[in-house]
Amino acid sequence: MKQKKGRHTGSESRRRDIINAALACFSKIGFSETSMDDIRSRSGASTGSIYHHFKSKEQLAAEVYIEGIGNYQEELIRVLKGCEGPREGIRALITHHLTWIDENAEWSRYLFQKRHSVFMASAEEKIAAMNREFGQKIVKFFSRHIAEGALRPLPPDIIISLAFGPCMEITRRHFSGHAGTDFHEAAELLSEAVWRALSAPGADG
């Protein structure tokens with residue numbers, strides 16, 4: 001992710017090390033079983049440095065979630081910006097989602113499992129703002145192609161549901177051990193299905 005404004009490069013690097021260490025500990029040991037000393041040992045940061053960035057283990061756990069969802073969203077928007085046609089965009093969106101899940105196994109499982117954890121309460125406002133901005137960018141891409149007649153003129157919430165719903169369902173099945181289709185094949189099949197659901201009659205993308 002891009003460096004946050006107002007943070008010194010060294011401080012941001014240390015913060016990232018702590019977040020990565022926390023993610024690894026939470027994934028391997030579990031949130032309840034992980035101590036701040038476990039995170040200190042894995043990150044190489046001092047106890048003072050950890051508490052300089054994060055007031056508590058709960059705040060750190062929420063920041064791990066925010067960092068992960070931010071990375072996912074930034075990368076998806078970057079990929080989408082490089083797409084000209086709507087069919088290409090749909091394929092890029094779905095392929096990115098499944099590729100990110102596959103390549104970031106610890107992070108994606110954490111995002112899937114911890115969304116409604118008690119420690120997430122402090123992050124709700126920030127996550128809501130991130131999701132609003134992310135949704136607006138997604139809708140902007142699709143709205144352009146609706147205006148050009150390539151996509152059906154559906155409401156924004158329906159567009160997002162059709163674009164992301166299948167991805168989320170196969171992710172849920174993947175983490176619950178019930179997905180039988182590998183991600184590469186799933187990306188191909190879902191991309192075609194979503195294109196058919198969103199495309200205007202006669203559109204070729």
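Every condition in (1) of a type outside the set (S, T, N, Q); (2) under 17 Å from GLN59 (Cβ atoms); (3) at pLDDT 95 or above is met by ALA129 except one, and the failing one is (2).
Taking the range 134-183 as the range and being loosely packed, with under 12 Cβ neighbours inside 10 Å and in contact with a helix residue (DSSP H, G or I) (Cβ under 8 Å, 6 or more places away or on another chain) as the test, only PRO153 passes. Looking across the range 117-130, the residues that are assigned to a helix (DSSP H, G or I), small (Gly, Ala, Ser) and open to solvent by less than 70 Å² (accessible area, probe 1.4 Å) come down to ALA123, ALA128, ALA129. Residue count for the range 96-116 satisfying the condition of being open to solvent by less than 50 Å² (accessible area, probe 1.4 Å) and within 17 Å of ALA186 (Cβ to Cβ): 7. Taking the range 94-114 as the range and being among the aliphatic types (A, V, I, L, M) and touching a Leu at 6+ places or on another chain (Cβ under 6 Å) as the test, only ILE94 passes.
For every residue, the table says whether it meets (1) out of contact with any His (no Cβ under 6 Å at 6 or more places or on another chain); (2) at pLDDT 95 or above; (3) of a type outside the set (Gly, Ala, Ser).
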residue	(1), (2), (3)
LYS4	yes, no, yes
SER11	yes, no, no
ARG16	yes, no, yes
ALA24	yes, yes, no
GLY30	yes, no, no
GLY70	yes, yes, no
ILE90	yes, yes, yes
THR95	yes, yes, yes
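Filtered by the rule that a residue be assigned to a helix (DSSP H, G or I), of a type in the set (Phe, Trp, Tyr) and open to solvent by less than 40 Å² (accessible area, probe 1.4 Å), the range 14-70 gives PHE26, TYR65.
Looking at the range 92-101, is at least one residue over 22 Å from LYS55 (Cβ atoms), over 14 Å from the mean Cα position of the chain (by Cα) and part of a helix (DSSP H, G or I)? Looking through the range 92-101, at least one residue is over 22 Å from LYS55 (Cβ atoms), over 14 Å from the mean Cα position of the chain (by Cα) and part of a helix (DSSP H, G or I). If you go through the range 180-190 one residue at a time, do you hit one that is within 18 Å of the chain's Cα centre (by Cα), of a type in the set (Phe, Trp, Tyr) and part of a helix (DSSP H, G or I)? Checked against the condition, which is being within 18 Å of the chain's Cα centre (by Cα), of a type in the set (Phe, Trp, Tyr) and part of a helix (DSSP H, G or I), the range 180-190 yields at least one hit.
The values are calculated or read from the model by the stated rules, or taken from the named source; none is laboratory data. As the structure is a prediction and not an experimental result, all values here were calculated from the model. Heads up, the Cβs are rebuilt from the backbone with ideal geometry, glycines too, and the neighbour counts pull from every protein chain shown. Surface areas here come from the heavy atoms of the whole protein model, side chains and all, with no ligands, DNA or RNA. Shrake-Rupley method; radii C 1.70, N 1.55, O 1.52, S 1.80 Å.
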